[in-house]
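The values are calculated or read from the model by the stated rules, or taken from the named source; none is laboratory data. The model shown is predicted, which means the values in this text are computed figures rather than measured ones. As a convention, Cβ positions derive from the backbone with ideal geometry for all residues, glycine included, and neighbour counts pool all protein chains shown. Surface areas here come from the heavy atoms of the whole protein model, side chains and all, with no ligands, DNA or RNA. Shrake-Rupley method; radii C 1.70, N 1.55, O 1.52, S 1.80 Å.
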Amino acid sequence: MFEQTFKNIDDILHKDAGCGSELDYVEQTSWILFLKYLDDFEKDKKTAAELAGKSYEGIIDKQYTWEIWAVPKGKDGKIDHHKALTGDDLKDFVDHKLFPYLKKFKTSAESADTIEYKIGEIFNELKNKIQSGYNLREVINRIDELRFRSHAEKHEMSHLYEDKIKNMGNAGRNGGEYYTPRPLIKTIVKVVAPTIGNKVYDGAVASAGFLAEAFEYLKTSKNLTTKDAETLQKKTFYGKEKKSLAYIIGTMNMILHGVEAPNIVHTNTLAENLADIQEKDRYDIILANPPFGGKERAEVQQNFPIKTGETAFLFLQHFIKILKAGGRAGVVIKNTFLSNTDNASVSLRKLLLESCNLHTVLDLPGGTFTGAGVKTVVLFFEKGAPTQKVWFYQLNLDRNLGKTNPLNENDLAEFVRLQKTKADSENSWSVSVADVDKTTYDLSVKNPHKKDETALRDPQKILDEMQRLDKESAKIMKVIGRLR
């Protein structure tokens, strides 16, 4: 049912003048979905309070509750069309009353880790783009059909929402910007292995895939006590995101996964001066796929000791600095990071090897990120001691990856198994840092168990091969000539 409802909503938004792309569909669905979620959240809180013999003070004033403005219903449980706003009346109410009311929560909330603050923050970043009040009415009616009451419903909804994010990533110019393949994220989380009590951070949070999967991993890692559950809700997951749409989607994704007030902040991580980061700002776990290929302005580069315009390289410096001593990280980066000869790349590799233990490099095949042709690696490192040995694993698959044939968890099973002991295999090997060239710190992925298929052939052999093929072609042409 959920899947069909989402499809119907996309069809409605497709014909609205204010929504021109998959990005708009997700954004506009998100804010209405959030208000429906909030209504179910309040009902659950009220029921729980009543069962405990307590009263519940609602978050939203009555006139702005879902069942008053969005879907007023009669005694038969059906929408009362006499009371339900539509057309220009609905659009005016949403734009001039509802949104301004919800924005105020940001300043009136007690603290940033409350759902009240999140309401204010989300609606300060958004605007209603649906131009037709009649289309808006149709979307509201569809979303009202959805339920978020049971665990199973929330689970299904979070999966469908991630499918929408995935489609949005595919529709955008940068496939990997919003969506990192879930099998890859799950594998990175398994290898980094956060524990309850760790503070988990992603400074390029996008759709919050890493934080959401870390939450799923941690909540099933043991039988949770009440204190554990509260720790996961309020003191575990932290993120920063520069772009408004990604910030909203990341926050919504975490809420749908079950984190009521995720600590995700709308800010440019790279605008923070590395020199200002103190011990209290640091995290135990970093999981991230920072954007690559961007060019940061000179004033942003001034915040970093190693100056470079490459966004991902600035993020890597940020991650190394903000990781606690003994903290663990799994970071996706372009594979050219391992071998680029420019000063910034060499300096950054030196910094990483000297300040952290880069214990594992996972080399991924092209096509891992749908729509993005770049080849990537995952760097797994621990802060505090210099690297002695790097274990490489090259993921070699017997198929080409793409939209119809994506990466799956089974593809990465051997990597997870071998990584525990850093064992040698046809696809894995170790390199001692003592053997690394100290002028370049080149860490190129060169599998010693496979012949270098790109090695140049001897020119004489190429000429001999050409002559042989010419002779064969001449014989074939003679035979064809006889047959005519």
*asked:* Please determine whether any residue of region 103-123 is within 16 Å of residue 139 (Cβ to Cβ) and assigned to a helix (DSSP H, G or I).
replied: no
*Does region 114-122 contain at least one residue that is modelled with pLDDT of 90 or more and hydrophobic (A, V, I, L, M, F, W, C)?*
yes
*Looking only at residues in region 279-293 that are out of contact with any Leu (no Cβ under 9 Å at 6 or more places or on another chain) and assigned to a loop (DSSP other than H, G, I, E, B), which one is farthest from residue 369 (Cα to Cα)?*
293
*Tally of residues being in a helix (DSSP H, G or I) and open to solvent by 10 Å² or more (accessible area, probe 1.4 Å) across region 331-384*: 10
*Does any residue in region 242-270 that is of a type in the set (A, V, I, L, M, F, W, C) come within less than 8 Å, Cβ to Cβ, of a residue that is part of a helix (DSSP H, G or I) and open to solvent by 40 Å² or more (accessible area, probe 1.4 Å) six or more places away or on a different chain, and which pairs are these?*
245/23; 246/177; 248/125; 256/154; 259/233; 261/117; 261/233; 261/234
*Return yes when residue 400 is open to solvent by 40 Å² or more (accessible area, probe 1.4 Å), touching a Lys or Arg at 6+ places or on another chain (Cβ under 9 Å) and either under 25 Å from residue 321 (Cβ atoms) or in a loop (DSSP other than H, G, I, E, B) (or both) and no when it is not.*
no
*Looking only at region 106-120, count how many residues are open to solvent by 10 Å² or more (accessible area, probe 1.4 Å) and touching a residue at least 24 places away in the same chain (Cβ under 8 Å).*
6
*Among the residues of region 251-274, count how many are assigned to a helix (DSSP H, G or I) and either touching a Phe, Trp or Tyr at 6+ places or on another chain (Cβ under 8 Å) or at pLDDT 95 or above (or both).*
9
*List pairs: first in region 123-151 and closer than 13 Å to residue 19 by Cβ and of a type in the set (A, V, I, L, M), second open to solvent by 50 Å² or more (accessible area, probe 1.4 Å) and at pLDDT 90 or above, Cβ under 9 Å, 6+ apart or cross-chain?*
136/86
*For region 178-198, state whether one or more residues are of a type in the set (Lys, Arg), more than 13 Å from the chain's Cα centre (by Cα) and at pLDDT below 70.*
no
*If you check 382, 296, 354, which single one turns out to be modelled with pLDDT of 95 or more, of a type outside the set (Ser, Thr, Tyr) and over 29 Å from residue 450 (Cβ atoms)?*
354
*Could you please find all residues in region 228-250 being out of contact with any Gly (no Cβ under 7 Å at 6 or more places or on another chain), part of a helix (DSSP H, G or I) and surrounded by fewer than 19 Cβ atoms within 10 Å (Cβ to Cβ)?*
228, 229, 230, 233, 234, 244
*Among residues belonging to region 124-135 that are open to solvent by 20 Å² or more (accessible area, probe 1.4 Å) and outside any helix (DSSP H, G or I), point out the one that is farthest from residue 27 (Cα to Cα).*
132
*In region 428-439, is there at least one residue being touching a His at 6+ places or on another chain (Cβ under 9 Å), surrounded by 16 or more Cβ atoms within 10 Å (Cβ to Cβ) and in contact (Cβ under 8 Å) with a residue 24 or more places away in the chain?*
yes
*Name the pairs: first residue in region 71-88 and in a loop (DSSP other than H, G, I, E, B), second residue surrounded by 12 or more Cβ atoms within 10 Å (Cβ to Cβ) and among the acidic types (Asp, Glu), Cβ to Cβ under 6 Å, at least 6 apart or on different chains?*
71/144; 72/80; 74/80
*Can we say residue 304 is over 22 Å from residue 127 (Cα atoms), aromatic (Phe, Trp, Tyr) and not in a loop (DSSP other than H, G, I, E, B)?*
no
*Do you know which of the residues in region 53-69 that are within 19 Å of residue 110 (Cβ to Cβ) and touching an Asp or Glu at 6+ places or on another chain (Cβ under 9 Å) is most open to solvent (accessible area, probe 1.4 Å)?*
56
*Going through region 201-211 one residue at a time, which ones are under 16 Å from residue 258 (Cα atoms) and modelled with pLDDT of 95 or more?*
210, 211
_I'd like the full set of residues that are open to solvent by 30 Å² or more (accessible area, probe 1.4 Å) and either touching a strand residue (DSSP E or B) at 6+ places or on another chain (Cβ under 6 Å) or not in a helix (DSSP H, G or I) (or both), limited to region 403-419._
403, 404, 405, 406, 408
*residue 389 being more than 23 Å from the chain's Cα centre (by Cα) and within 22 Å of residue 285 (Cβ to Cβ)*: no
_Cross-chain or 6+ apart pairs with Cβ under 8 Å, region 212-223 first and surrounded by 13 or more Cβ atoms within 10 Å (Cβ to Cβ), then assigned to a helix (DSSP H, G or I) and among the basic types (Lys, Arg)_ = 213/182; 213/186; 217/186; 217/190
